[in-house]
Amino acid sequence: QVQLVESGGGLVQAGGSLRLSCAASGRSFSSDYMGWFRQAPGKEREFAAAISWSGGITYYAESVKDRFTISRDNAKNTVSLQMNSLKPEDTAVYYCAGKGLGVTPRRMDYAYWGQGTQVTVSS
């Protein structure tokens, strides 16, 4: 059983930065496609970013493109999301997703999920 644990969330002012990390345990995830999703209060969980197993292919939602960067360290079994130029509308619980069917924005394509980490951006 794979466990995904997110960390790095917190409160930041608009224009600031945060770096989220997701640590995987239970088995190696070096061959897994990974993703980040987010869910704001009262809204559906939405896609933010995804990365191929090698890290060579990344894909972003338009709302975060050019501000967020997804990366991974297979030796450490971690995937990260660097978030810059944060906006109040980025406020959400951020979830790490694992074992995707590809570099995909669809929630149903991921087999494992973390518990989430809260990101709050104040104006």
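Solvent-free Debye calculation, one equal scatterer per alpha-carbon of the chain: log10 I(q)/I(0) at 0.13, 0.16, 0.18 Å⁻¹ equals -0.44, -0.67, -0.85. Amide hydrogen proximity for W113: with H placed 1.01 Å from N in the peptide plane, the residues at 5 or more positions away or on another chain lying under 5 Å are G98.
A straight Cα-to-Cα reach below 30 Å connects K43 with the lysines K65, K87, K99, residues fewer than 8 places away in its own chain not being considered. Phi-derived couplings, Karplus 6.51 cos²θ - 1.76 cosθ + 1.60 at θ = phi - 60°, listed residue by residue for region 92-109: 4, 8, 9, 10, 8, 10, x, 6, x, 7, x, 7, 10, x, 8, 4, 5, 7 Hz, with x used for Gly and Pro. Taking amide H as placed 1.01 Å from N in the peptide plane, the amide H of F68 sits under 5 Å from that of N84, each at least 5 places away or on another chain. With all protein chains in place and a 1.4 Å probe, the accessible surface of the chain carries 48 percent carbon and sulfur.
A 1.4 Å probe run over the protein chains yields, for the chain, 51 Å² of accessible area per residue, whole-number rounding. Here the 3J(HN,Hα) profile of region 57-69, calculated from phi with Karplus coefficients 6.51, -1.76 and 1.60 at θ = phi - 60°, is 10, 10, 8, 10, 5, 4, 5, 10, 4, 6, 10, 9, 9 Hz, Gly and Pro shown as x.
The values are calculated or read from the model by the stated rules, or taken from the named source; none is laboratory data. Computed from a predicted structure; not experimentally measured. For accessibility, only protein heavy atoms count, side chains too; no ligands or nucleic acids. Shrake-Rupley method; radii C 1.70, N 1.55, O 1.52, S 1.80 Å.
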